[in-house]
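Peer 1: What follows is a single structure, and I will ask about it in a moment.
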Amino acid sequence: MIKAITGTKDILPEDISKWYYVENIVRDVFSAYNYDEIRTPVFEETRLFARGIGEATDIVSKEMYTFTDRSDTSVTLKPEMTAAVVRALIEHSLDKKKALNKLFYISPMFRQERPQAGRLRQFHQFGAEALGSHSPMLDAEMIITAYDIISKFGLKHLQVKINSLGVPSSREKYKEILKEYLNPYFGKLSQESQKRFDINILRIFDSKDENDQKIMENAPLLIEFLDDESLEHFEVVKSVLLKAGIPYEIDPKLVRGLDYYTHTTFEVISGSVGSQSALCGGGRYNLLVEQLGGKDTPGIGFAAGIERILLACENEKSLELEDNKLDLYIVDIERANAEKIYNLALYFRRKGLKIEVDYAGRSVKAQMREANRCNARYTIMYGGEELERNETVLKNMETGDQKTFNIDDLDAITKTIVE
RNA sequence: GUGAUCGUAGCUCAGUUGGUUAGAGCGUCUGGUUGUGGCCCAGAAGGUCGUGGGUUCAAAUCCCAUCGUUCACCCCA
């Protein structure tokens, strides 16, 4: 048997209503904040991601689906969306047509990691990118938008964490200070953290090792070394969030792994998805557009994992989905009127009603069972002596009531069903 | 990439110290008289016991390999 690739999942009909539910909310809320949808190809030239995300990041160095196509171009299935959106912005000069571009997307992403709860190799994200403004109001708005969307799924115990990474120069300075602080403890750090010391020292804050955490308790924090402008920017973000009633907390240890972040970073965390608790993550990236060959354009964005959100919703049983109901099932009493019944079905279907009939010539009992399984609101019992009198029976499946109609009076039948 | 875990019908699982034709519940299909569902009852279909080797008179059960699952680490949404 050929199976789906490791880390990929079929979304079966029984689950599709959840996806519609999520996607509808996402589109509605983004629309309220005046975001327009953008769709980019699933694959791009490899160097876009290498340059945009950072050669040294885990995503680029060991997680991308990269291959050469038949014309020897190295292409990569998109592992995240920001670089692709920025590429499109530059390529189509969107920044010149409009001062501020507010874009959202819903799209599959690909990363070759070991699957676990809340992590797949093909997974789906929705997210947004706003390009063209330095305003801290926009940072706050982005966080509010993300929070608004996720709140609509009825999840409890959400945490919003924010931090500021400042500008690269102060961050570099800070890294040196952190190195000085950690040097005496180096031998006591966990192996993982010893590696991080050189590769990405900020990540040591994230360590799950108890001893590491103890050492980091008294470490100097990046936020203490921010320049005045970054601090002021951060102050505005916080005050807007406060007024909007977003229950945020400042997490000086919140470090994002992608190279392009500057200033504000944030995450929305849920306690009900297992170990991969970040439902959503994002931040400001003022240098990325220029880095990818565009004009100096500030940007900010976030991405949210749809599978993780659905996992949280399932664990909290927070989604209230309506049953998928069939309007009408037409039962062929004598199993001899297939063609007439099909035409009848056609009539109702073209009226926009959801109709099913039996294709297997089964017994009335079997057809009724099938109607029931389909959650049919009504059945028509077609045939028999009623048909001889040019009549047919409409049965309400919930109450069991039956009404007789003239077979030609389809309007009356439609009316009853629609009501 | 590392560690652990599990792999028996469509689904959830049972299968005793290796011993005859591998079981249950749910689901599916049919039927419980002539044209009516949800409950109930009866019957039927459905399994290369993940795959490949090995040990043994005998393997779903023991050993090895391999593929896959799940969870965690790393990292990230």
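The values are calculated or read from the model by the stated rules, or taken from the named source; none is laboratory data. Since the model is a prediction, treat every value here as computed from it, not as a measurement. Positions of Cβ are generated from backbone atoms using ideal geometry, with glycine treated the same way; all protein chains shown enter the neighbour counts. SASA here: full protein model, heavy atoms, side chains in, ligands and nucleic acids out. Shrake-Rupley method; radii C 1.70, N 1.55, O 1.52, S 1.80 Å.
Peer 1: Looking at the stretch A:318-344, I want the residues that are within 18 Å of A:I417 (Cβ to Cβ) and have a partner that is hydroxyl-bearing (S, T, Y) and surrounded by fewer than 20 Cβ atoms within 10 Å (Cβ to Cβ) with Cβ atoms under 7 Å, at least 6 apart or on another chain. Which pairs are those?
Peer 2: A:N324/A:S17
Peer 1: To continue, here is another question. Checking A:R39 against (1) part of a helix (DSSP H, G or I); (2) more than 13 Å from RNA strand B (Cβ to nearest atom); (3) open to solvent by 60 Å² or more (accessible area, probe 1.4 Å), only one condition comes out false. Which one?
Peer 2: Unmet for A:R39, out of (1) part of a helix (DSSP H, G or I); (2) more than 13 Å from RNA strand B (Cβ to nearest atom); (3) open to solvent by 60 Å² or more (accessible area, probe 1.4 Å): (1).
Peer 1: Let me ask you something else. In contact with a Lys or Arg (Cβ under 6 Å, 6 or more places away or on another chain) and more than 9 Å from RNA strand B (Cβ to nearest atom): does that describe A:L254?
Peer 2: Against the criterion (in contact with a Lys or Arg (Cβ under 6 Å, 6 or more places away or on another chain) and more than 9 Å from RNA strand B (Cβ to nearest atom)), A:L254 qualifies.
Peer 1: Quick one: in the stretch A:300-321, which of the residues that are within 14 Å of RNA strand B (Cβ to nearest atom) and farther than 12 Å from A:I150 by Cα is surrounded by the fewest Cβ atoms within 10 Å (Cβ to Cβ)?
Peer 2: A:E314
Peer 1: Restricting attention to the stretch A:266-299, which residues are within 29 Å of A:D95 (Cα to Cα) and among the hydroxyl-bearing types (S, T, Y)?
Peer 2: Hits for the stretch A:266-299 are A:Y285, A:T297.
Peer 1: Which condition does A:I2 not pass, out of (1) assigned to a helix (DSSP H, G or I); (2) farther than 20 Å from A:H124 by Cβ, if it passes all the others?
Peer 2: (1)
Peer 1: If I ask for residues that are on the phi < 0 side of the Ramachandran plot, within 9 Å of RNA strand B (Cβ to nearest atom) and open to solvent by less than 50 Å² (accessible area, probe 1.4 Å), which ones from the stretch A:111-126 would you list?
Peer 2: A:R111, A:E113, A:L120, A:R121, A:F123, A:H124, A:Q125
Peer 1: Consider the stretch A:53-106. How many of its residues are open to solvent by 80 Å² or more (accessible area, probe 1.4 Å) and of a type in the set (F, W, Y)?
Peer 2: Number satisfying all stated conditions: 1.
Peer 1: Here's another thing I want to ask about it. Consider the stretch A:140-174. How many of its residues are in contact with a Leu (Cβ under 9 Å, 6 or more places away or on another chain), exposed (fewer than 14 other Cβ atoms within 10 Å of the Cβ) and more than 30 Å from A:E23 (Cα to Cα)?
Peer 2: Here the count works out to 1.
Peer 1: Collect the residues in the stretch A:5-36 that are more than 22 Å from A:N324 (Cα to Cα), within 13 Å of RNA strand B (Cβ to nearest atom) and open to solvent by 60 Å² or more (accessible area, probe 1.4 Å), keeping them in residue-number order.
Peer 2: Selection gives A:I5, A:T6, A:K9.
Peer 1: A further question on this structure: Has the stretch A:66-79 got at least one residue that is within 16 Å of RNA strand B (Cβ to nearest atom), part of a strand (DSSP E or B), closer than 30 Å to A:K152 by Cβ and hydrophobic (A, V, I, L, M, F, W, C)? Let's see the steps before the verdict.
Peer 2: Restricting attention to the stretch A:66-79, the residues satisfying the condition of being within 16 Å of RNA strand B (Cβ to nearest atom) are A:66-67, A:76-79.
Then keep just the ones that are part of a strand (DSSP E or B); that gives A:66-67, A:76-77.
Subsequent filtering for residues that are closer than 30 Å to A:K152 by Cβ retains A:77.
Cutting the leftovers down to hydrophobic (A, V, I, L, M, F, W, C) gives us A:77.
Yes - at least one qualifying residue is present in the stretch A:66-79.
Peer 1: In the stretch A:275-296, what residues are assigned to a loop (DSSP other than H, G, I, E, B), more than 10 Å from RNA strand B (Cβ to nearest atom) and surrounded by fewer than 24 Cβ atoms within 10 Å (Cβ to Cβ)? If you could, list the steps in order and put the result at the bottom.
Peer 2: The first filter runs over the stretch A:275-296 and keeps only residues assigned to a loop (DSSP other than H, G, I, E, B), leaving A:275-277, A:285-287, A:292-296.
Checking the rest, the ones that are also more than 10 Å from RNA strand B (Cβ to nearest atom) come to A:285-287, A:292-296.
The answer is A:N286, A:L287, A:L292, A:G293, A:G294, A:K295, A:D296.
Peer 1: Let me ask another. Among the listed residues A:G7, A:G52, which satisfies the condition of being within 17 Å of A:R111 (Cβ to Cβ) and in a loop (DSSP other than H, G, I, E, B)?
Peer 2: Details: A:G52 fails: in a loop (DSSP other than H, G, I, E, B).
Exactly one residue qualifies, and that residue is A:G7.
Peer 1: Starting from residues that are within 16 Å of A:L326 (Cβ to Cβ) and free of Cβ contacts under 8 Å to residues at least 24 places away in the same chain, keep the ones in the stretch A:367-418 and report whichever is nearest to the chain's Cα centre (by Cα).
Peer 2: Top of the filtered list is A:R373.
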